[in-house]
Amino acid sequence: MSFKYSRFIFPLLLLSLSLSGQTDTLRLIFAGDIMGHAPQISSAKTASGQYDYAPCFKYVKPILEGADIAIGNLELTLPGKAPYTGYPMFRSPDALATGLKSAGFDLLVTSNNHSNDAHGLGVVNTIETLRKEGFLQTGTFKNQRDRDALYPLMIYKNGFKIALLNYTYDTNGLPTEAPTIVNRIENEQIAADLAEARARKPHYIIVVMHWGLEYQLTENAVQREQAKFLIQNGADMVIGSHPHVVQPIRTERVTMPDGSQKEALVVYSLGNFISNQQQPNTDGGILFQVDLLKQKGSPEVRLGDHGMIPVWRYVHKTAAGKTTFFALPVSHVERNADLVPGMALSAQNAMLKFAEGLRKRVKYRELDLGR
């Protein structure tokens, strides 16, 4: 080789060696159930008769914006017009989508037991509103053509190719009106979907499941069995919602068809992100943050730093009677007594009680937010 050519080839070789040692990182944050009870709708109504949800998320916004992809479970419908209602038929103003986007959410899953609360038109308007706001969205579809084109959801970010799937156990007995589709937990269909996901050769497969029993602090045998089925069929991580309380985070080990062993992280339930539920342990939940790592150019992904961030629902009431619902990152409030102006001592104590119970029960690493 002459010097003339080596002048160019050697620097390229050095650059290639340098790049091979670099690590791609993808930070994901998963939030639990985003609810829309009647008091939340009323509190978001402004003096002009419009709706503004941005204040609800101002304390968690910096955390969500720190993720490459922030994902939430939208457990309500956006019908596009009044009447807006809470339980048992969740129909919220489209302005909630605007507030969630402003807060830093990037992706919302919409397959849950309230997907059909505004019937077929509600399924369609929810999808169209989210897409118009710039969200990635999956779990429900306008029709079969829509599902065929967009499912499994493929995400391309920071050198990663991620497949994300979403299913629900039921729709509270409300039929799914044709041609709309709500993904249901049906093993034959899930296996086919996971086979399609594997065929697309993603670096990582995540399945978000709406499952389990409400208000139960531990996952049940059906959830554990379903988690192992998902892992055996290709899932690398499983994230759960629906119980409205935080359930354990476990590493599940399964035997694969070829006899090898595979481990995958399963968050059985994230609890509530924001709601007006009053049952014990429903006044909060967790954000689950995880860094996925891989060497540049390699398909092998490993877990980096990961853990939970407790979040508590705080309802602030002014002297004039105006209420605002806030999602509060607990550790920030614990460290900064004046972070939330006007927060009553009774509310602070309720938050601490929630956090103490959560930490004792879940016993999983809590991330240090650093401020």
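Taking the range 296-328 only, how many residues are outside any loop (DSSP other than H, G, I, E, B) and without any contact (Cβ under 8 Å) to a residue 24 or more places away in the chain?
First, pick out the residues of the range 296-328 that are outside any loop (DSSP other than H, G, I, E, B): 302-317, 323-328.
Applying the additional criterion that residues be without any contact (Cβ under 8 Å) to a residue 24 or more places away in the chain yields 302, 317.
Of the residues in the range 296-328, 2 are outside any loop (DSSP other than H, G, I, E, B) and without any contact (Cβ under 8 Å) to a residue 24 or more places away in the chain.
Beta carbons closer than 6 Å, at least 6 apart along the sequence or on distinct chains, pair a first residue in the range 343-355 that is aromatic (Phe, Trp, Tyr) with a second that is surrounded by 18 or more Cβ atoms within 10 Å (Cβ to Cβ) for 354/283; 354/284; 354/312. For residue 163, the test of being under 17 Å from residue 30 (Cβ atoms), in contact with a Lys or Arg (Cβ under 9 Å, 6 or more places away or on another chain), hydrophobic (A, V, I, L, M, F, W, C) and modelled with pLDDT of 95 or more is passed. Scanning the range 329-371 for residues that are assigned to a loop (DSSP other than H, G, I, E, B), surrounded by fewer than 15 Cβ atoms within 10 Å (Cβ to Cβ) and not small (Gly, Ala, Ser) gives 336, 338, 339, 341, 363, 365, 368, 371. Within the range 170-181, no residue that is on the phi < 0 side of the Ramachandran plot sits with its Cβ atom under 9 Å from a residue that is part of a loop (DSSP other than H, G, I, E, B) and at pLDDT below 95 at 6+ positions apart or across chains. Within the range 61-98, take every residue that is closer than 19 Å to residue 109 by Cβ and among the small types (Gly, Ala, Ser) and give me the one that is nearest to the chain's Cα centre (by Cα). Once the filter is applied, the top-ranked residue is 72.
More than 19 Å from the chain's Cα centre (by Cα) and surrounded by 19 or more Cβ atoms within 10 Å (Cβ to Cβ), is that true of residue 116? First the steps, then the outcome.
Details: more than 19 Å from the chain's Cα centre (by Cα): yes; surrounded by 19 or more Cβ atoms within 10 Å (Cβ to Cβ): yes.
Against the criterion (more than 19 Å from the chain's Cα centre (by Cα) and surrounded by 19 or more Cβ atoms within 10 Å (Cβ to Cβ)), residue 116 qualifies.
The values are calculated or read from the model by the stated rules, or taken from the named source; none is laboratory data. Since the model is a prediction, treat every value here as computed from it, not as a measurement. Please note: Cβ atoms are built from the backbone with ideal geometry, for glycine as well, and neighbour counts cover all protein chains shown.
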